[in-house]
Every structure is written in structure tokens, then in C-alpha cells.
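Asker: Starting off with a structure, shown below.
The values are calculated or read from the model by the stated rules, or taken from the named source; none is laboratory data. Quantities reported herein were computed from a predicted structural model and do not represent experimental measurements. Virtual Cβ from ideal backbone geometry, glycine too; neighbours counted across all protein chains shown. Remember, those area values only see protein heavy atoms, side chains included, never the ligands or the DNA or RNA. Shrake-Rupley method; radii C 1.70, N 1.55, O 1.52, S 1.80 Å.
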Amino acid sequence: MLLPVRLGSAYLFEVMTSARDRRRGNGSAIGIDVRGVSKSLRGRQILQDVNFAVPRGTIAVIEGDNGAGKTTLVRVLATVVSPDSGTALVNGFDVSRQGLDVRRSIGVSFANERSLYWRINAFQNLELFGKIAGLRKSVIAERSASLIDELHLGRVATGQVARMSTGQRQRLMVARALLSDPKVILLDEPFRGLDEEGLQTLIELVTTRARDGKTVLIVAPLIAAVTSVADRTYRIEAGSVLPMPAGPAVRPVPELP
Amino acid sequence: MSVIRIVLAVAKKDFRTAISYRVGFVSAVIASFWGLIAFRFISKLVNTGEFAGDTVAYFRYAVVGLLFASILEPVAIGTSTSARNEQVQGTLEYMASQPVRRIYLGLSWSAYGLFQSMVIAAIVLLLTIPIGFRVTHLNLPVVIAVIILSIVIFAALGNIGAALVIAVQQGSVIVAGALSIIGVISGALFPVSELPSWLQALSRLSPLTYALDALRSATLANQPATSFTEDLLVLVGFALVTLPVSAWVLERSFRVAQRRGTLSTF
């Protein structure tokens, strides 16, 4: 008599916990898990059987030459390009089937500085994307002020983005990616246009986030300063991602299953 | 509700962008009012059918039709135009990476255009009073219901235009063409009864026909409340069908662009 009740309870528990996990991520130690992802665009193979994983709380750097497929890889993880085959999990969510959950988990900075609204100022850009992310007004104000300060944008933050330099816009795009305090941070060529001071500031910022348990993926041409703080370093060549000799890890790296 | 939060956030951004170009709003008010002045003079020549014996009757008829169309046009065309602007500026791909349903993006793209066109229509309406416009009988609940339902229907049309932009980089021209046909067959400038019978049959497929019919009856004619029921029910039917369909089409267009990798292509 009790068997159907027990089975029913177990089923209900399963449904409820899976719904909860869908909201929070699957709780695995892996922030980004890419398996066998391939993508061709306009008849050209851009990504070829890409496999790599980034544990939570670590920084991974994928370096490669222009046209190697770095940006397409970030786009796949940000759900704006869908893979032809393979699976990519971000915070435990499948980019092909759980796009909205993936987008709730990530903060992304694309290489394209035109992704900012140039006719309004830095604070107004952050306000817009903070509201879209569902943040409260007070939280947006507090985090925006903090990020603008951390990234040394205070002097130009109240003028139109159009009047900023490339490096300043680059820093603003990183600020925007970090605004919602995402679990996974995807940065596509975030160091473009930055001077030495800007580079160090940005490295400190992402290192701090990784220490706080965030997963950070940076794709960029080879920059020694970045790979030195990376927990895992990969090279992308002709659409394939290959592990590189590890740099000096800044903290113990969790083992991959 | 998140849809309202997103729509208001994007509208605020568009407002800030619009005021960074200072002369646009004033120019739009002047252009809209100047366009209506011509109909004040045309009205003197129209002395037939329902306009017989009153030299401003046609002017009132045209003001309601044109101002209502001027509110709905930015809703429909504005959505695809905004989508195209986002595409060309380079912000579309980033917007697509945000934690928001695509239909919310579609609705947000027309929000500021709607707000601006309603403000302009209100100002122009006031300016037309000294030259002969007056509301003879006002049924405000019906007017509000017609405006809201029409906005939903035309926002859905706009979303389909935006979907075309996202999928094939074209859309505004197609929506503008559809609107010009809808405007002619729906009685924006002259009664549907003046059309040939086959166009009159076609006009029954246009939601604007029912909207204008109800709107004119609720502002210029003394009609009992029950006389609006059919028009309002038809508009509700259009809204219930077009909005979900447009949401599905917009979502599909994003998926097509994601598969082709063209969200950043223009």
C-alpha cells in the first residue's frame, strides 16, 4: 500500500530538486564543461571537436591567433551562436537547451566595443544592463560606483561613451560583465587597448573574482602577464583547443572528474 | 514584472539617446501638425455622404484616423527599425546574451517610439482644436481599450518585422509596405464604404478597420456602449492570436541567427 506513496514522494522530490538545481546550476565543481563542440560558419570549420573544462573558482586562459576560433567559442558559451554538435555546459546548464539559464549565470564581455551604447554615459550603460539583469536600483548604484572606481573610470564615467578611449571602453565592458556578480565570467580579448596599469587592474579584478568562487574564462592573444595568473592555459589552433603547460597556479586547482 | 522592468529600462535608454539629439522632438510635432493643416482645407471640399453639410466633419474624421495611425506606426515600424539599429550599431548580439526572453526585447524596442508618438499626438490634438477639431461624444473606456488592444496587435506586427531583421537583415521596408496597405483599406483617411467591394472584403481582415470604427464611434458619434462589443471582441481575438505567434516567430529568428552566427552581422 505504501509503495505507490513512496514512489510518488520520491518522484515529487526529484521534480522539486531538479527544478531548484535548474535555477541554481547543477552544483558540480565544473563552471564550464565543453565536450566535442564543433561549429562551422559559412562553409568554414571554425571549431573542431573542442574539449575543455574550467573548474569553479579558477581562471582559464585560451590563447590563439586571429581567426583561430576564440571569439566563436565565447559566443557559443554566451548562447549567441549555437554549436553544430557536442555539448557545452555553463554553470551546469546546456547552452543549446537552457539558454536563458545560461544567460542568467554569465557575465560576458565581447571584443566588440560597439556593444556599448555610445550616446549615453558609463553609469547609464551600467544602469540599463543592471535593470535587464533584474538588479535593484540601489544594488546597481552601489556596484556601478564600485566598479567604476576599481577600473579607474571615474573621470570619464559621466560623459558619453563615444568620448571614451578604446581602453576606457574596454574597461567599461568588463565592468558591465561583472555588474550582476555572475557565477561565470567570459572575457573576449579584454586587454585590447589597455595600458600596463589597466592590464594589472583588470588582472587583479578577475583574480579576486576567481578567489570568490567565480569561474573565469579569458580568450586573448598570448599575453604573458595573463597566463601567469591562469590556473589552466589552453591554446586554440584551427578550431581545436589544446592544453598548454600549466603556469604557476595562484591557488590549488580542483581536480576534474 | 520583468517585462515591464525591461521595457522601461530600454525606453529610458532610448529617451536618453533621443535627447542627445536635441531638435528631433520639436521637428516631429511641427511635421505632424503641418500635415493635418492640409486636411483642414481639404475638408472644405468634402461635402458628400456622412460629411455633407459640415465643412469640418471630414477634418475631424481625418484627425482621428491620422493621429491614431501616427501612434501605431512607430509601434510596428519602430520595433524593426530599433532591431536594425541594434544590429548595425553592434549592440544586438550583446542584448541577445542578456538574461531576458526575446519577446521582451521585441516589446522594449517599440516602447520609447510609442511613448514619444503618444506625447506628440496629444500635443498635435490640442493644436487642432483652434482650427476646428472637437470630440463630440467621448466614451473614454472604449477609447482606452481600443488603444491598448491596437498597440498589442501592432507590437506583434513589429515583432515579426524585427524577426525578419534578425533572420535576414531586412524588415522595416516590409512592415512599412504592409502598414501602407492596411492604412488604405482600413479607413484611416476615408470611409471603407468608398472602397470597391473586393477591397471592402479585404478591409475586414485588418484590425485597424475595427479599431478606427470603434475609435470614431467613441469620440465623434453618440453610440450606445453595446455597439462597440463586436469591434472590441474582434480586436481581442487579433491580440490573442498575433502576440503569441509573433513571440514564437521572434524566438525562431534568434535561433536561426544563432545557428548561422549572424547576430553580429549587418
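Asker: Output the number of residues of segment B:28-78 satisfying the condition of being basic (Lys, Arg), under 24 Å from the mean Cα position of the chain (by Cα) and more than 29 Å from B:GLY158 (Cα to Cα).
Answerer: 1
Asker: How many residues are more than 14 Å from chain A (Cβ to nearest Cβ), open to solvent by 70 Å² or more (accessible area, probe 1.4 Å) and touching a residue at least 24 places away in the same chain (Cβ under 8 Å) if we restrict to segment B:1-32?
Answerer: Total meeting the criteria: 1.
Asker: Hey, any hits in segment B:111-120 for a residue that's on the phi < 0 side of the Ramachandran plot, within 14 Å of chain A (Cβ to nearest Cβ) and over 12 Å from the mean Cα position of the chain (by Cα)?
Answerer: Yes, some residue in segment B:111-120 is on the phi < 0 side of the Ramachandran plot, within 14 Å of chain A (Cβ to nearest Cβ) and over 12 Å from the mean Cα position of the chain (by Cα).
Asker: Select, from B:ILE174, B:ILE151, the only residue that is out of contact with any Ser or Thr (no Cβ under 7 Å at 6 or more places or on another chain), under 30 Å from B:GLU93 (Cβ atoms) and open to solvent by 70 Å² or more (accessible area, probe 1.4 Å).
Answerer: Step by step, each of B:ILE174, B:ILE151 is checked, and only B:ILE174 is out of contact with any Ser or Thr (no Cβ under 7 Å at 6 or more places or on another chain), under 30 Å from B:GLU93 (Cβ atoms) and open to solvent by 70 Å² or more (accessible area, probe 1.4 Å).
Asker: Tell me which residues, restricted to segment A:84-96, are of a type outside the set (S, T, N, Q) and away from every other protein chain (no Cβ under 12 Å).
Answerer: Those that are of a type outside the set (S, T, N, Q) and away from every other protein chain (no Cβ under 12 Å): A:GLY86, A:ALA88, A:LEU89, A:GLY92, A:ASP94.
Asker: Something else about it: Of (1) more than 14 Å from chain A (Cβ to nearest Cβ); (2) out of contact with any Lys or Arg (no Cβ under 9 Å at 6 or more places or on another chain); (3) surrounded by 20 or more Cβ atoms within 10 Å (Cβ to Cβ); (4) over 15 Å from B:ALA111 (Cα atoms), B:GLN87 satisfies all except one. Which?
Answerer: Going through the list (1) more than 14 Å from chain A (Cβ to nearest Cβ); (2) out of contact with any Lys or Arg (no Cβ under 9 Å at 6 or more places or on another chain); (3) surrounded by 20 or more Cβ atoms within 10 Å (Cβ to Cβ); (4) over 15 Å from B:ALA111 (Cα atoms), B:GLN87 breaks only (1).
Asker: Sticking with this structure for a sec: Among the residues of segment B:33-55, write down those that are assigned to a helix (DSSP H, G or I) and in contact (Cβ under 8 Å) with a residue 12 or more places away in the chain.
Answerer: Answer for segment B:33-55, where residues must be assigned to a helix (DSSP H, G or I) and in contact (Cβ under 8 Å) with a residue 12 or more places away in the chain: B:PHE33, B:GLY35, B:LEU36, B:ILE37, B:PHE39, B:ARG40, B:ILE42, B:SER43, B:GLY49, B:GLU50.
Asker: Let me ask another. Which helices (runs of 4 or more DSSP H) sit wholly inside segment B:170-246 and have at least 3 residues that are more than 13 Å from B:ALA76 (Cβ to Cβ)?
Answerer: B:197-203, B:207-220
Asker: If I ask for residues that are of a type outside the set (Asp, Glu) and surrounded by fewer than 21 Cβ atoms within 10 Å (Cβ to Cβ), which ones from segment A:170-193 would you list?
Answerer: Matches in segment A:170-193: A:LYS183, A:PHE191, A:ARG192, A:GLY193.
Asker: Take B:GLN98 and decide whether it is under 30 Å from A:VAL81 (Cα atoms), part of a helix (DSSP H, G or I) and not aliphatic (A, V, I, L, M).
Answerer: No; evaluated as a whole, the condition is false for this residue.
Asker: Residue check: is B:ALA218 within 21 Å of the chain's Cα centre (by Cα), more than 14 Å from every other protein chain (Cβ to nearest Cβ) and not β-branched (Val, Ile, Thr)?
Answerer: When the stated conditions are applied, B:ALA218 passes them.
Asker: Is there any pair with a first residue in segment B:112-135 that is farther than 27 Å from B:THR17 by Cβ and at pLDDT below 95 and a second that is aliphatic (A, V, I, L, M) and outside any helix (DSSP H, G or I) whose Cβ atoms are under 7 Å apart and which are 6 or more apart or on different chains, and what are they?
Answerer: Correct list of pairs: B:GLY132/B:VAL56.
Asker: Here is a list: A:GLU150, A:GLU142. Which entry is under 24 Å from A:THR201 (Cβ atoms), open to solvent by 20 Å² or more (accessible area, probe 1.4 Å) and touching a residue at least 40 places away in the same chain (Cβ under 8 Å)?
Answerer: Just a single option satisfies the conditions, and that option is A:GLU150.
Asker: Oh, and also: For the condition loosely packed, with under 15 Cβ neighbours inside 10 Å and modelled with pLDDT of 85 or more, what is the one hit in B:GLY35, B:GLY65?
Answerer: So the residue among B:GLY35, B:GLY65 that is loosely packed, with under 15 Cβ neighbours inside 10 Å and modelled with pLDDT of 85 or more is B:GLY35.
Asker: Would you pick out the residues in segment B:90-109 that are small (Gly, Ala, Ser) and open to solvent by less than 10 Å² (accessible area, probe 1.4 Å)?
Answerer: Passing the criteria: B:ALA96, B:SER97, B:GLY106, B:SER108.
Asker: I need a count of the residues in segment B:249-266 that are open to solvent by 20 Å² or more (accessible area, probe 1.4 Å) and in a helix (DSSP H, G or I).
Answerer: So the answer is 8.
Asker: Looking at segment B:107-116, can you tell me whether even one residue there is more than 30 Å from A:ARG104 (Cα to Cα), part of a helix (DSSP H, G or I) and not small (Gly, Ala, Ser)?
Answerer: yes
Asker: Considering segment B:214-248 alone, what residues qualify as being hydrophobic (A, V, I, L, M, F, W, C), touching a residue at least 40 places away in the same chain (Cβ under 8 Å) and open to solvent by 60 Å² or more (accessible area, probe 1.4 Å)?
Answerer: Matches in segment B:214-248: B:ALA225, B:VAL245.
Asker: Also, I was wondering about something else. So in segment A:124-139, with the set limited to residues that are more than 10 Å from chain B (Cβ to nearest Cβ) and part of a helix (DSSP H, G or I), which one is most open to solvent (accessible area, probe 1.4 Å)?
Answerer: Applying the filter and picking the extreme gives A:LYS137.
Asker: Sticking with this structure for a sec: I'd like the full set of residues that are open to solvent by 10 Å² or more (accessible area, probe 1.4 Å), free of Cβ contacts under 8 Å to residues at least 60 places away in the same chain and more than 8 Å from chain B (Cβ to nearest Cβ), limited to segment A:58-83.
Answerer: Within segment A:58-83, A:GLY67, A:PRO83 qualify.
Asker: Would you mention how many residues in segment A:109-123 are within 7 Å of another protein chain (Cβ to nearest Cβ) and either within 22 Å of the chain's Cα centre (by Cα) or of a type in the set (A, V, I, L, M, F, W, C) (or both)?
Answerer: 6
Asker: So is A:SER146 among the polar types (S, T, N, Q), away from chain B (no Cβ under 12 Å) and either more than 13 Å from the chain's Cα centre (by Cα) or outside any helix (DSSP H, G or I) (or both) or not?
Answerer: Yes; evaluated as a whole, the condition is true for this residue.
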